[in-house]
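One structure below.
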Amino acid sequence: MTTFILLALMTLGILVLTALVIYLADRFNILERETQDLLRKLQDAQVRPTGPYAGLSGKALWDAVTGLETGTLDELTLDGVRKRYRLLLTDHIHWIFHEGVGDVAKGYDKVPSNSRTLRTPKAQVESWLPPEAVAEIYRCGQGYAVGDPEALAALRQRLDAVCVQLHTQCSLEPGQPASQLLMPPVPGAESAAAAGTAPLVNAPAQAAPSALNAPATQGTPALPPRA
């Protein structure tokens, strides 16, 4: 009888220990999963894009908005970045064009860098554009500064073409032609060209953004290089 009771107690003890081990193992697995989830959330919070351009700048920003390399950005975030990028792109184009205009007055002839740090309403960000586009915009600015009425139509077409190409690459609607903002008609110049006099006109220098590389083309003056 005593032996039976001891065996029963031992069996009960083993069952209790087995249940306790199973419970503890299950709790350990739950705790491990919760810890991994917490670490994953902390890592996601550290790498989560910040700022109006999701923490991107320079060529990385250009590659993202053109779809060349979006990295970890989801489609919704990328769409928001692309919409805000329109203002940055416009500022950069204007800056490049006016560099060309201003360099004619200074006697310089040097295409600016295709990277430019620009100030936005929320932050400063580096903007990068293809060198070929920067050069073309710069040459258009130079040609406009010379003020040859006979060349204005061709210069406007060139400027609009390169700006439309940049917007298209970024999946953005081109909107208002850039030439309407940057190349307003010079009073009396185009009518004088039609009459055959074609006087030289000095284009007004304004402020704006830009950067590209290309050889001088028709309508661009031969200027000495920058000092």
Exercise. What residue, among those in segment 119-130 that are within 13 Å of Gly58 (Cα to Cα), surrounded by 15 or more Cβ atoms within 10 Å (Cβ to Cβ) and not aromatic (Phe, Trp, Tyr), is modelled with the lowest pLDDT?
Worked result: Val125
Seminar exercise, completed: The lone condition Asp160 fails out of (1) surrounded by 16 or more Cβ atoms within 10 Å (Cβ to Cβ); (2) at pLDDT below 50 is (2)
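Filter segment 107-149 for residues that are more than 20 Å from Pro177 (Cα to Cα) and either outside the structural domain of Leu166 (by TED's automatic domain parsing) or free of Cβ contacts under 8 Å to residues at least 60 places away in the same chain (or both) and give the result.
Thr117, Arg119, Pro121, Gln124 - these are the residues of segment 107-149 that are more than 20 Å from Pro177 (Cα to Cα) and either outside the structural domain of Leu166 (by TED's automatic domain parsing) or free of Cβ contacts under 8 Å to residues at least 60 places away in the same chain (or both).
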Exercise. So which residues in segment 52-69 are part of a loop (DSSP other than H, G, I, E, B) and closer than 16 Å to Thr120 by Cβ, if there are any at all?
Worked result: Pro52, Tyr53, Ala54, Gly55, Leu56, Ser57
Seminar exercise, completed: When segment 163-196 is checked residue by residue, the ones that are farther than 23 Å from Lys106 by Cβ, modelled with pLDDT under 90 and in a helix (DSSP H, G or I) are Glu190, Ser191, Ala192, Ala193, Ala194, Ala195
Seminar exercise, completed: Pairing a residue in segment 63-87 that is assigned by TED's automatic domain parsing to the domain that holds Glu126 with any residue that is among the acidic types (Asp, Glu) and loosely packed, with under 13 Cβ neighbours inside 10 Å, where Cβ atoms lie under 6 Å and the two sit 6 or more apart in sequence or on different chains, gives Asp63/Glu69
For this session: Determine whether Asp91 is crowded, with 17+ Cβ neighbours inside 10 Å, assigned to a helix (DSSP H, G or I) and in the same structural domain as Asp160 (by TED's automatic domain parsing).
Result: yes
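Filter segment 68-116 for residues that are hydroxyl-bearing (Ser, Thr, Tyr) and within 22 Å of Ala54 (Cα to Cα) and give the result. Working first, answer last.
To start, the set of residues in segment 68-116 that are hydroxyl-bearing (Ser, Thr, Tyr) comprises 70, 72, 77, 85, 90, 108, 113, 115.
Within segment 68-116, Thr70, Thr72, Thr77, Tyr85, Thr90, Ser115 qualify.
The values are calculated or read from the model by the stated rules, or taken from the named source; none is laboratory data. The structure displayed is predicted, hence computed values, not measured ones. Don't worry about glycine lacking a Cβ; one is built from the backbone with ideal geometry, like all the others, and counts go over all protein chains shown.
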